[in-house]
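One structure below.
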Amino acid sequence: MSISPRRSAVALAALTALVVSGCSDGPDRPRPAPSKPAPSAPSSPTPTTADPAARAAALVATLSDEDLVGQVLMPYAYGSSATKVSAGSAAGNRALAGVDTPAEMVARYRLGGVILVGFSADDPTSGNQETTNVDSPKQVRELTDGLRDAAGKLPAGAAPFLVGTDQEYGVVTRITDGVTQLPSPLAAGAAGNPALTEAAWRAAGAELAAMGVNLDFAPVADVLATRSTVIGSRSFGATPATASPQVAGAVRGLQAEGVGAAVKHFPGHGLTAADSHAELPVVGQSRAVLDRTAFPPFRAGIDAGAMAVMSAHLDVKAVDPGTPATFSRKLLTDVLRGQLGFQGVVITDGMNMPPAKKWSPGEAAVRALNAGNDLILMTPNVSQAYDGLRAALKDGSLPRARLVEAVTRVLTMKFRLAGHPQPALSTLDTAEHRKAAADLAAAAVTVLRGSCGGAVAGPVRVTSSGGRDRTRALLTEALTAAGVKVVSSGGTVVHLVGYGDGAKDLRADAAVTVAMDTPYVLSGAKSPTVLATYSSTRASMTALAAVLAGKARPTGRAPVPVPGLPATTCKV
């Protein structure tokens, strides 16, 4: 079933109005049984089971205020199982939500969804994601099955439970083992072929769906207008002309397989080099620049049918100075919904990030909903956020109509996703999926200096900056398979650099230098040949080996400007 958020909006608005006027459970009222729908007004239309918006509004009419509040919360939880967790994970869940397990968290707070994250509870570098839920695809499937079992017992259980994650590919990839690894978004921008992007992201969507993930916080729609290290190769490129068609392709690919796409980070994190994980970045560009540069990829994602948009913790001076976009009604309601026409689900960026922690979890959640968000992501304290929303609903500082509108949007998205059967785990990492990733990776390889597609004189020695033993091994294996002799000393040096590397990581004696992340570092390379793959996956190293062996012609174009170098030396 394919229903656009814009078309769903008409039914949603009419039915939401009926729900607001017809359901008045207070926050302390007992929950109604899920099998006992509230009577509809005689003049109300009869919802059809085929219409997700109508199904959502009908379900909302049966829910207590406690259940409505739970549906707008999407926290993380500690543990790799829904019901059995370690002592450390149980302690983490108690601090976060006063429960021991993820399943208990879902049940107590009537949650609308959970985000899966990728660090361990004991990891000192965990940053704002303090746990991991990911060990293997089989474990993820068992976890998501367990979460859905818990959610299915709730009054809102008729709607699929949301399980989300940040599977952007490239540097932000939460599930890495046993799945098809796509090249980074910047590689897709270099390839410049939306059909290849769509095919690759369709493979990704099928694999996420097989593991029980039905919402991907991707693709990144940020235009890389600055040298932002926090966005970097997560972006498709430095111009809206490059990024927009790729964003649309990724959205179509994911959603074709029943995984909702959440384009991010609105209104555009690539316009500032600061990191919202540490501070409140300032976007100082004019409104005209925003309209011309930042907004088009979001519009492209919306026009492609994106079910969700993620708001960002950014101070956008030209629209609402001093107010983070996450909490700005001017940006989320007036611009995103009014100007760009988005009628789907708006989701906050992590509410455990510093710009959102200016307020208590409860107050921050209320402010975010009032600004126009529909889902509160990663609150630092679930019980405080839940209680704060209930209290605000009771005293009127959170209008009931706003909460009902948000829940109706969330449930509409859930029912849209319900039309897709879940694939088997055998869908993962198939030859077909690997080919989709390989085709995209091959189209991305770019020569920014040197001959176009000429073979490197062998034998070859592969070197790299520190910590890249696995990638060196992948390239060595691929070169050998392509018929190039690889030696451990002497030979023609092919040097790999990647994420976070700078001038100190280059080699003066390298005949070839390859950038496996943003290509800016290549401006300082002295090698007669410089290339970019923008990614370090097996598919990217195989594609690079084919070029170095003279068996493939590199057709990529740098999607960001590199001082002193052309976008490509190859004539297309």
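Taking a point 7 Å from the Cα of D149 along the Cα-to-Cβ direction, none of the residues of the stretch 390-419 has its backbone N closer than 15 Å to it. For the pair T229 and R329 in one chain, pulling the backbone fully straight at 0.36 nm per residue adds 33.2 nm over the alpha carbon distance. Packing-based ranking of 468-477, 181-190, 166-175 yields 181-190, 166-175, 468-477, ordered from highest to lowest mean Cβ neighbour count within 10 Å.
For the stretch 222-358, what class follows from the C-alpha gyration tensor (a ≥ b ≥ c being the square roots of its eigenvalues): rounded when a/c is under 1.5, otherwise prolate if a/b is larger than b/c, else oblate? Cα axes put the stretch 222-358 in the rounded bin. Using equal-weight Cα scatterers in the Debye expression, the normalised intensity of the chain in log10 at q = 0.10, 0.12 Å⁻¹ is -0.80, -1.11. The label point for S426 and the one for A567, both projected 7 Å from the Cα toward the Cβ, are 4.4 nm apart. The accessible area of T62, taken with all protein chains in place and a 1.4 Å probe, comes to roughly 10 Å².
Among the listed pairs K504/K526; K504/K551; K504/K571, which are separated by more than 20 Å between their Cα atoms?
Violating the 20 Å Cα-Cα cut-off are K504/K551; K504/K571.
For K414, give me every one of the lysines with a C-alpha distance below 19 angstrom, ignoring sequence neighbours fewer than eight places off in its own chain. Correct list for K414: K153.
Give me the percent of accessible area attributable to carbon and sulfur for the chain, probe 1.4 angstrom.
Carbon with sulfur: 53 percent of the solvent-accessible area.
The residues of the chain expose, per residue, 35 Å² of accessible area to a 1.4 Å probe. One quarter of the surface of the convex hull around the alpha-carbon atoms of the stretch 292-408 equals 7.1 nm², the direction-averaged projected area. Pop the C-beta distance of R553 and K504 into the FRET formula with R0 = 25 Å and round what comes out to the nearest 0.05. Efficiency for this residue pair is about 0.15. Peptides 226-235, 482-491, 69-78 ranked from most to least packed, by the mean per-residue count of other Cβ atoms within 10 Å: 69-78, 226-235, 482-491.
Our estimate of slack between K526 and A318, defined as 0.36 nm per intervening residue step minus the Cα-Cα distance, is 70.7 nm. Label sites at A195 and A288, each approximated as a point 7 angstrom past Cα along Cα to Cβ, lie 3.9 nm apart.
When both bridge partners sit in the chain, DSSP labels roughly 15% of those beta bridges antiparallel. The label-point distance for A457 and A418, in a model that sets each label 7 Å from Cα toward Cβ, rounds to 6.8 nm. Relative contact order for the chain: 15 percent, from Cα pairs under 8 Å spaced at least 6 residues apart, divided by residue count.
The values are calculated or read from the model by the stated rules, or taken from the named source; none is laboratory data. For clarity, every value in this text was computed on a predicted model and none was experimentally measured. We place every Cβ from the backbone using ideal geometry, glycine too, and count neighbours over all the protein chains shown. Ligands, DNA and RNA are excluded from the accessible area calculation, which covers all protein heavy atoms including side chains. Shrake-Rupley method; radii C 1.70, N 1.55, O 1.52, S 1.80 Å.
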